[in-house]
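A.B. asks: Take a look at this one; I'll ask things after.
The values are calculated or read from the model by the stated rules, or taken from the named source; none is laboratory data. A quick note: this is a predicted structure, and the numbers were derived from the prediction, not measured. Positions of Cβ are backbone-derived with ideal geometry, glycine not excepted, and every protein chain shown enters the neighbour counts. Calculation scope for accessible area: heavy atoms of the full protein, side chains included, ligands and nucleic acids excluded. Shrake-Rupley method; radii C 1.70, N 1.55, O 1.52, S 1.80 Å.
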Amino acid sequence: MNIRTMTINDYDGVYALWVNTPGMGLNAVDDSREGIEKYLRRNPTTSFIAQDGDRIVGVIMAGHDGRRGYIHHTAVLPAYRGQGLGRRLVEHAMRALDEEGIQKVALVVFSENETGNVFWEKMGFLSREDLVYRNKNIHELPKIDPNK
């Protein structure tokens, strides 16, 4: 299993993984090739993919704003789960963020994503009950229907 820095050339394989991962929230703007390319230009060293041969079997997108790190869209194919691959992807991202001087990392998981929440708790990420997560779209973001 090879883990390496993600590039925009990995987009098709990563996108296929995302749309086939239950609990993943995608939209047609931020998660388009153009949106991911913009993200990777801003964060060129902190996102990673796992490959088995030519097949992308895991991904973690991580970046920062200079103060806090953020993890997005982490997924591992079901056949590759339970082998430590998710943990290795998290370790790569955390190491890369640390090398950029980031001290704290946050992420968002849908409350109904039981698999994701169990994983992140095992990774040591705590649930913050003292916060209310809020966001506001500047523009309407069309959701991606993985069944289409």
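A.B. asks: Tell me, please, whether a residue that is modelled with pLDDT under 95 and closer than 19 Å to residue 19 by Cβ can be found in the stretch 124-138.
C.D. replies: No: zero hits.
A.B. asks: Tell me, which helices (runs of 4 or more DSSP H) wholly within the stretch 1-111 include 3 or more residues that are touching a Phe, Trp or Tyr at 6+ places or on another chain (Cβ under 8 Å)?
C.D. replies: By residue number, 33-42, 85-99.
A.B. asks: Name every residue in the stretch 98-107 that is touching a strand residue (DSSP E or B) at 6+ places or on another chain (Cβ under 8 Å) and open to solvent by 50 Å² or more (accessible area, probe 1.4 Å), in order of residue number.
C.D. replies: Residues satisfying the conditions are 100, 104.
A.B. asks: Could you list all residues from the stretch 5-16 that are under 14 Å from the mean Cα position of the chain (by Cα) and of a type in the set (D, E, K, R)?
C.D. replies: 10
A.B. asks: Considering only residues of the stretch 68-82 that are closer than 14 Å to residue 1 by Cα and touching a residue at least 24 places away in the same chain (Cβ under 8 Å), which is surrounded by the most Cβ atoms within 10 Å (Cβ to Cβ)?
C.D. replies: My answer is 76.
A.B. asks: Among the residues of the stretch 112-123, how many are part of a loop (DSSP other than H, G, I, E, B) and either open to solvent by less than 100 Å² (accessible area, probe 1.4 Å) or under 12 Å from residue 72 (Cβ atoms) (or both)?
C.D. replies: The number of residues fulfilling the criteria is 2.
A.B. asks: Then there's this: Can you tell me which residue among 39, 11, 15 is out of contact with any helix residue (DSSP H, G or I) (no Cβ under 9 Å at 6 or more places or on another chain), closer than 25 Å to residue 140 by Cα and either aromatic (Phe, Trp, Tyr) or open to solvent by less than 60 Å² (accessible area, probe 1.4 Å) (or both)?
C.D. replies: Checking each option against the conditions leaves just 39.
A.B. asks: Within the group 21, 46, 74, which residue is modelled with pLDDT under 95, of a type in the set (S, T, N, Q) and under 14 Å from the mean Cα position of the chain (by Cα)?
C.D. replies: 21
A.B. asks: With the condition kept exactly as written, say whether any residue in the stretch 88-97 is open to solvent by 50 Å² or more (accessible area, probe 1.4 Å), at negative phi, touching a helix residue (DSSP H, G or I) at 6+ places or on another chain (Cβ under 8 Å) and touching a residue at least 60 places away in the same chain (Cβ under 8 Å).
C.D. replies: No: the stretch 88-97 contains no residue that is open to solvent by 50 Å² or more (accessible area, probe 1.4 Å), at negative phi, touching a helix residue (DSSP H, G or I) at 6+ places or on another chain (Cβ under 8 Å) and touching a residue at least 60 places away in the same chain (Cβ under 8 Å).
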